[in-house]
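See structure below.
The values are calculated or read from the model by the stated rules, or taken from the named source; none is laboratory data. Computed from a predicted model, the values in this text were never measured in an experiment. Quick reminder, even Gly has a Cβ in these numbers, built from the backbone with ideal geometry, and neighbours come from all protein chains shown. The area values use the complete protein model at the heavy-atom level, side chains included, leaving out ligands, DNA and RNA. Shrake-Rupley method; radii C 1.70, N 1.55, O 1.52, S 1.80 Å.
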Amino acid sequence: MPARILDGSKIASDIRREVAAEVKTMAAAGVRPGLAVVLVGHNSASEIYVRGKVKASDEVGLYSEQHTPPETVSTADVLALIEKLNRRDQVDGILVQLPLPSQVDSKKVLMAVDPAKDVDGFHPVNVGLLSTQRPGLVPCTPAGVMEILNRSDIPIAGKEVVVVGRSDIVGKPAAMLLLNANATVTVCHSKTHDLPDVCRRADILVAAIGRAGMITGDFVKAGATVIDVGMNKVTDPAVFQRLFGSRLYKNAKREDTFRAKGSILVGDVHPEVAEVAGALTPVPGGVGPLTIAMLMYNTVKAAKMRRGIRMPELSRA
């Protein structure tokens, strides 16, 4: 039986609606949470991401502003901008869109963001709060993974979880959130021996390694839940053929899209996993929409925490 598809778009819509209601309540009390986005230069992918975040902010009623330093900006200039945003009470959340140009020290910039306004959850202070189970701002994508599991009624406590990928942005914080939810967690990476064998132990498998279709059916235990965090742009016809060439996975609409655009967005999980897994997030329409929804949630959370107001938990978290 094909896997149950976990609809991230629907869950993200529910969260945005909950956040919008919270923003409306705060606005009635004279507080409108605000998000500042810093976009350096003209990276086309970054510009698309930022437009989506600004649009989502408007839809839930957040105040938002965008700062666009030129591609040639120095580290000192970006740090000065961050310091200015740190001081402004109207700004509750600061998001620095990565990547930054090579001459800008990304680590210095991210470290300069006030942890209370770090809606990406990347600052070491927020990492420490997460690891010690104290209130803080949690990275958006891993938080979205948890919302998909919770709202889809996927049990976590006592389950064996394997996270493939150890990035500071997704892999490590996802592992910590799952550990905090009482799962038994294994984190895998490029040096893991016999990766398929380790993955097959998982009741919940989180794929966040950044390689198109790497997780094939032989990585997955029958009936496992598979969360595909990957967002890979495939432009090579040979890779497209490897993923979708089988008669079982052919799809006329997908093939037309690839021919017309010369590219297609795919996850880290091969389509054949749908025949093995019990539940699976699609790409697109899985984890991706949750990332922006959780950014909206974090902005409101930051606004409340800065004012000493407790942020209510999400309805199914």
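Here's a check for you: in segment 158-180, which residue that is within 15 Å of Ala202 (Cβ to Cβ) and aliphatic (A, V, I, L, M) is nearest to the chain's Cα centre (by Cα)?
Selected residue: Ala174.
In the set Asp118, Asp114, which member is open to solvent by less than 20 Å² (accessible area, probe 1.4 Å) and farther than 22 Å from Ile227 by Cα?
None of the others qualify; the one that does is Asp118.
Among Glu65, Glu22, which is under 30 Å from Ile154 (Cα atoms), of a type in the set (D, E, K, R) and either open to solvent by less than 60 Å² (accessible area, probe 1.4 Å) or in contact with a strand residue (DSSP E or B) (Cβ under 9 Å, 6 or more places away or on another chain) (or both)?
Glu22
Select the helices (runs of 4 or more DSSP H) contained entirely in segment 199-317, then report the ones holding at least 3 residues which are within 16 Å of the chain's Cα centre (by Cα) and closer than 23 Å to Leu178 by Cβ.
287-306
Looking at segment 82-111 only, could you name the residues that are in contact with a strand residue (DSSP E or B) (Cβ under 8 Å, 6 or more places away or on another chain), open to solvent by 30 Å² or more (accessible area, probe 1.4 Å) and of a type in the set (A, V, I, L, M, F, W, C)?
Across segment 82-111, the qualifying residue is only Leu110.
Is it the case, given these coordinates, that Ala12 is hydrophobic (A, V, I, L, M, F, W, C) and either under 18 Å from Val300 (Cα atoms) or free of Cβ contacts under 8 Å to residues at least 24 places away in the same chain (or both)?
yes
Is segment 187-203 home to any residue that is touching a helix residue (DSSP H, G or I) at 6+ places or on another chain (Cβ under 8 Å), open to solvent by 20 Å² or more (accessible area, probe 1.4 Å) and within 23 Å of Gln133 (Cα to Cα)?
Checked segment 187-203: at least one residue is touching a helix residue (DSSP H, G or I) at 6+ places or on another chain (Cβ under 8 Å), open to solvent by 20 Å² or more (accessible area, probe 1.4 Å) and within 23 Å of Gln133 (Cα to Cα).
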